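The values are calculated or read from the model by the stated rules, or taken from the named source; none is laboratory data. What you see is a predicted model, and the numbers here were worked out from it, not measured in a lab. Neighbour counts are summed over all protein chains in view; Cβ atoms, including those assigned to glycine, are modelled from backbone coordinates with ideal geometry. Heads up: the accessible areas ignore ligands, DNA and RNA and are worked out on the full protein's heavy atoms, side chains in. Shrake-Rupley method; radii C 1.70, N 1.55, O 1.52, S 1.80 Å.
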Amino acid sequence: MSHRSLVSTAALAALVLVALLAQTPAAGQTQSSAPKATAATTAGKAWTLPRTPDGKPDLQGIWTDNTLTPFERPKNLGAKEFYTDEELVELTKRARTGNVGEEGDLGAARPQAVRYDLELYGFDPSKLRFSSKRTSLIVGPEGVVPPMLPAARERNAERAAKDKGHEFDSYANRPLSERCVLMNQERIPMTPGANEGNLLQIVQGAGYVTLVHEIDHSTRVIPTDGRPHIPQNMRLWQGDSVGRWEGNTLVVDTTNFTNLTAYRGSSEKLHLVERFTRTADDTMVYQFTVEDPTTWAKPWTAEIPWTKTKGPVYEWACHEGNTMISTILRGARVAEAEAAQKKTK
C-alpha cells in the first residue's frame with residue numbers, strides 16, 4: 001500500500017471515530033442552557049441566535065441549499081447583480097412551468113427521459129425557487145469565475161491530451177463520481193442543484209463541527225480547537241480543513257488538496273475559505289472564497305443562502321451494488337475484441 005493510501009485510510013478512520021464522538025455531546029445540547037445572544041429580526045419577530053453549551057453559535061440542524069440561481073451570471077445581464085422583486089416573481093413563475101431560460105438552471109428538475117418521474121420521489125415543481133435576489137451565486141460586478149491563466153489552460157490541456165484515447169483503460173481513468181470516490185454534490189466548495197442531493201446535516205460537539213451530506217452519506221469533521229494544518233506533504237481528496245470562530249461566523253480554512261480533485265481546473269495549490277453564518281432560525285448564509293494563484297489571477301467568492309428543513313437525511317448509497325465501473329470496463333473490452341476480430345478478417 002502506498003504512503004498516500006495509508007494516510008488516506010488513517011485519516012478516514014480518524015474522521016469516522018471523531019464523528020461518532022462529536023455527536024455524543026451534541027445530543028444533550030439545549031437552547032435553554034445557552035447564554036444570551038444578540039437579537040435579530042425575522043419576519044417582524046425577535047430572534048435570538050441559539051448557542052451550544054460552550055457558548056458557540058448553534059448551527060445544528062438539517063439544511064437545504066436548493067436554488068435556481070445560476071452559479072455564474074447570464075451574459076445578457078451584464079453587471080446587474082440583483083433582480084427587482086417584480087423580476088424575481090416573474091422568473092419564479094416561468095421556472096415552475098419549465099421555462100427558466102438563461103437566468104437559471106433547472107438541474108434535476110429538468111425532464112429526463114431515462115429517469116422516472118421525479119414527482120414520484122416527492123419533487124414538487126411549485127416549490128422551485130431562487131434563493132435570493134442575486135443574479136448569480138458568484139458575487140461582485142463580474143458575477144463569473146475569472147479567466148483561467150494561460151499556464152493553467154496549458155496544464156489542463158496537457159492532462160486532457162494525455163487521457164485522450166485511454167478513457168476506458170482501467171478504473172483509474174474514470175471520473176471520481178463514477179467510482180463512488182467523490183460525488184459532485186459532496187465536493188467542496190459545496191455548490192447546489194435545483195432539487196437533488198441538497199440536504200446537509202450539521203452536528204456540533206466541543207471543538208468540532210461535523211457536516212453530514214445526503215449524497216454518499218459523506219461525513220466531514222472539522223476541528224475548531226486551534227490546531228494547525230497537517231504537513232504539506234500529506235494530501236487528501238477534500239483537503240485538510242481547520243475551523244475557527246470569528247464572532248458568530250464559523251470560518252473553515254482548507255488546504256492540502258491533491259491535483260486529482262481539481263476544482264474547475266485548479267491545482268494542488270487550491271486554498272478554500274468557507275464561512276457559515278446563521279442569520280435567522282431557518283436561514284444560514286454559506287459563503288466561500290476560492291484562491292489558486294496558479295489557476296486564476298485573483299480570488300473569487302460565491303454566496304449561497306441555506307434554508308432549514310425537517311429532513312430526514314436518508315441513506316444515499318453509491319458503492320453498495322455499484323456495477324457501473326465493471327459494466328463500463330467490460331463493455332470496453334468487448335468493443336476492443338470485436339475491433340480486433342474485424343482487423344483479422
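Tabulated data
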{"read-out": "Search result, residues across the stretch 196-227 that are of a type outside the set (A, V, I, L, M, F, W, C) and farther than 30 Å from Ser326 by Cβ", "value": "Gln201, Gln204, Gly205, Gly207, Tyr208, Thr210, Pro223, Thr224, Asp225, Gly226, Arg227"}
{"read-out": "Test for Thr344: is it out of contact with any Lys or Arg (no Cβ under 8 Å at 6 or more places or on another chain), of a type outside the set (Gly, Ala, Ser), more than 30 Å from Ala157 (Cβ to Cβ) and open to solvent by less than 70 Å² (accessible area, probe 1.4 Å)", "value": "no"}
{"read-out": "Every pair of residues 6+ apart whose Cβ atoms lie under 8 Å, when the first sits in the stretch 122-133 and is more than 21 Å from Pro312 (Cα to Cα) and at pLDDT 75 or above while the second is open to solvent by 40 Å² or more (accessible area, probe 1.4 Å) and in a loop (DSSP other than H, G, I, E, B)", "value": "Lys133/Thr84"}
{"read-out": "Subset of the stretch 300-318 (residues that are in contact with an Asp or Glu (Cβ under 8 Å, 6 or more places away or on another chain) and among the β-branched types (Val, Ile, Thr))", "value": "Ile304, Thr307, Val313"}
{"read-out": "In the stretch 252-292, the residues that are over 24 Å from Met148 (Cα atoms) and more than 16 Å from the chain's Cα centre (by Cα)", "value": "Thr277, Arg278, Thr279, Ala280, Asp281, Asp282, Thr283"}
{"read-out": "Inter-residue pairs, beta-carbon under 7 Å, first farther than 27 Å from Lys133 by Cα and in the stretch 291-304, second open to solvent by 80 Å² or more (accessible area, probe 1.4 Å), 6+ apart", "value": "Asp292/Lys269; Pro293/Lys269; Thr294/Lys269"}
{"read-out": "Filtered residue count, the stretch 313-341, keeping only those that are without any contact (Cβ under 8 Å) to a residue 40 or more places away in the chain, open to solvent by 90 Å² or more (accessible area, probe 1.4 Å) and either of a type in the set (A, V, I, L, M) or in contact with a Cys (Cβ under 8 Å, 6 or more places away or on another chain) (or both)", "value": "0"}
{"read-out": "Options Asp253, Asp216, Asp240, Asp225: the member that is free of Cβ contacts under 8 Å to residues at least 24 places away in the same chain and either touching a His at 6+ places or on another chain (Cβ under 8 Å) or surrounded by 14 or more Cβ atoms within 10 Å (Cβ to Cβ) (or both)", "value": "Asp240"}
{"read-out": "Only listed residue being at pLDDT below 90, over 18 Å from Ser177 (Cβ atoms) and not charged (D, E, K, R), chosen from Val273, Val313, Val252", "value": "Val313"}
{"read-out": "Selection within the stretch 156-172 - closer than 23 Å to Trp300 by Cβ and open to solvent by 70 Å² or more (accessible area, probe 1.4 Å)", "value": "Arg159"}
{"read-out": "Qualifying positions in the stretch 293-312 - over 13 Å from the mean Cα position of the chain (by Cα), open to solvent by 40 Å² or more (accessible area, probe 1.4 Å) and of a type outside the set (Gly, Ala, Ser)", "value": "Pro293, Thr294, Lys298, Pro299, Thr307, Lys308, Thr309, Lys310, Pro312"}
{"read-out": "Close pairs (6 angstrom Cβ cut-off, 6 or more residues apart or separate chains): open to solvent by less than 30 Å² (accessible area, probe 1.4 Å) in the stretch 180-194, among the charged types (D, E, K, R) and modelled with pLDDT under 80 anywhere", "value": "Met183/Asp216; Glu186/Asp216"}
{"read-out": "Residue match in the stretch 210-218 (condition: on the phi < 0 side of the Ramachandran plot, in a loop (DSSP other than H, G, I, E, B) and not β-branched (Val, Ile, Thr))", "value": "yes"}
{"read-out": "Residues within the stretch 265-309 that are outside any strand (DSSP E or B) and on the phi < 0 side of the Ramachandran plot, tallied", "value": "14"}
